[in-house]
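Worksheet: one structure, shown below.
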There are 2 protein chains.
Amino acid sequence: MKDVVSNCPIEEVMRVLSGRWPTLLLYYLKDGTKRFSDLQRDNPTLSHRMLALELRKLEVAGIIRRTAYPGYPLRVDYDLTASGLKLVPLIDALGGWWEDRAGDHVDPAKAKIQKRLVDAA
Amino acid sequence: MKDVVSNCPIEEVMRVLSGRWPTLLLYYLKDGTKRFSDLQRDNPTLSHRMLALELRKLEVAGIIRRTAYPGYPLRVDYDLTASGLKLVPLIDALGGWWEDRAGDHVDPAKAKIQKRLVDAA
DNA sequence: TGTAAATTACGCACTATTTTGTAACCAGGA
DNA sequence: TCCTGGTTACAAAATAGTGCGTAATTTACA
């Protein structure tokens, strides 16, 4: 997933939203402003470094806003931008879709079954 | 992005949709049934291995349907399932969001500017 | 007539590339 | 010395690409 210029909006959103963390961070920031350390606590399996990287990615994409206060110890706040807020329901819609997709959905064993059909043919 | 069981639908959708290819494949399959080789031609930068892997992932997720015909040369068709069809507009919505997010969006240089602010403090 | 070659949708092993984690370091005041 | 929010260098892990093999039938050609 290198720097392939794509001009396709869908490819571009996915470049930002792909991976475990972006949507999770959105989720936590829905509730309002959070500090770096809050987000660290919220998901302990996310490494310090990755948190910093992902936050910056979201910031550059205009989804979250970073506010740094002068002074020590350091203090930095993160919250959703206007467009970040608009994104949240779209993500939720995906979650909703996943939940009631169960009806017409295929059990994980199907792949093998299909394969066997081909082999037998 | 290992096999972390999550029970959160959003995390689960993203596990399937993350990466460059899933949404692209959806996009090509919108137009109807395609064969493996069609999809290969549609995006030449996708290796046959990845194509096979991604297709299977989408199949197991119940988004696409795989139909293998007996006989040689081999022939396999792929098309969207009912729930796959329902997913398409949601993805499109993300694309739409990306396009008109420009207004309240931050230019890529901002990160540096912010950093300088912090440093100066 | 006999045979070699092409065809399709992959699987597999091996390598290359990318992403992620770990740990250490920084700043300057309490 | 600790605090916070990073950054950097190095290591480990995950992900992606390359190229060969394969199956049964048709076509190509000497």
Report task. Go through the residues of the stretch B:16-29 one by one and say whether even a single one is charged (D, E, K, R) and more than 8 Å from chain A (Cβ to nearest Cβ). Result -> no
Report task. Within the stretch A:73-106, track down each residue that is within 21 Å of the chain's Cα centre (by Cα), assigned to a loop (DSSP other than H, G, I, E, B) and more than 30 Å from B:E59 (Cβ to Cβ). Result -> A:T81
Report task. Return a yes/no flag: does the stretch A:7-16 have any residue that is crowded, with 16+ Cβ neighbours inside 10 Å, touching a residue at least 24 places away in the same chain (Cβ under 8 Å) and over 16 Å from the mean Cα position of the chain (by Cα). Result -> no
Query raised in the report: If a residue has to be farther than 27 Å from A:N7 by Cα, among the charged types (D, E, K, R) and at pLDDT 95 or above to count, how many in the stretch B:65-121 make the cut?
Result: 4
Report task. Restricting attention to the stretch B:30-58, report how many residues are surrounded by fewer than 19 Cβ atoms within 10 Å (Cβ to Cβ), within 11 Å of chain A (Cβ to nearest Cβ) and farther than 12 Å from B:Y78 by Cβ. Result -> 2
Report summary line: Taking the stretch A:29-72 and keeping residues within 26 Å of B:W98 (Cβ to Cβ), more than 10 Å from DNA strand D (Cβ to nearest atom) and either part of a loop (DSSP other than H, G, I, E, B) or free of Cβ contacts under 8 Å to residues at least 12 places away in the same chain (or both) leaves A:D31, A:G32, A:T33, A:N43, A:L46, A:V60, A:A61, A:G62, A:I63
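The values are calculated or read from the model by the stated rules, or taken from the named source; none is laboratory data. Computed from a predicted structure; not experimentally measured. Glycine gets a Cβ as well: all are built from the backbone with ideal geometry, and neighbour counts include every protein chain shown.
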